[in-house]
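One structure below.
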Amino acid sequence: MIHTVLALSSLEQEVGNISKSSYEQGRDNLDDSEINYLLKMTKHVLMKIREQITEDSQ
């Protein structure tokens, strides 16, 4: 369970950091590389959550 919380916290921090950086640069939208990075990170976090659920159910 702790790994799930840490993974979600890490994802939340990354989204915040990238959004803040974009805002500070005067952009209203994230660029394609930022979006792709966040999607990749989200996929990784979801895999970690699935692994944790599988381990907990055994």
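The values are calculated or read from the model by the stated rules, or taken from the named source; none is laboratory data. Here the structure is a predicted model, which means the values were calculated and not measured. In this analysis, Cβ positions are derived from the backbone assuming ideal geometry, glycine residues included, and neighbour counts consider all displayed protein chains. Ligands, DNA and RNA are stripped out before the accessible areas are found, and what is left, the full protein with its side chains, is counted by its heavy atoms. Shrake-Rupley method; radii C 1.70, N 1.55, O 1.52, S 1.80 Å.
Below, the figures for the structure above:
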{"item": "When residues of segment 9-41 are limited to those that are of a type in the set (A, V, I, L, M, F, W, C) and loosely packed, with under 14 Cβ neighbours inside 10 Å, the one nearest to the chain's Cα centre (by Cα)", "result": "Leu39"}
{"item": "Cβ-Cβ under 6 Å pairs, at least 6 apart or on other chains, segment 42-58 side open to solvent by 90 Å² or more (accessible area, probe 1.4 Å), far side assigned to a helix (DSSP H, G or I) and modelled with pLDDT of 85 or more", "result": "Lys48/Ala7"}
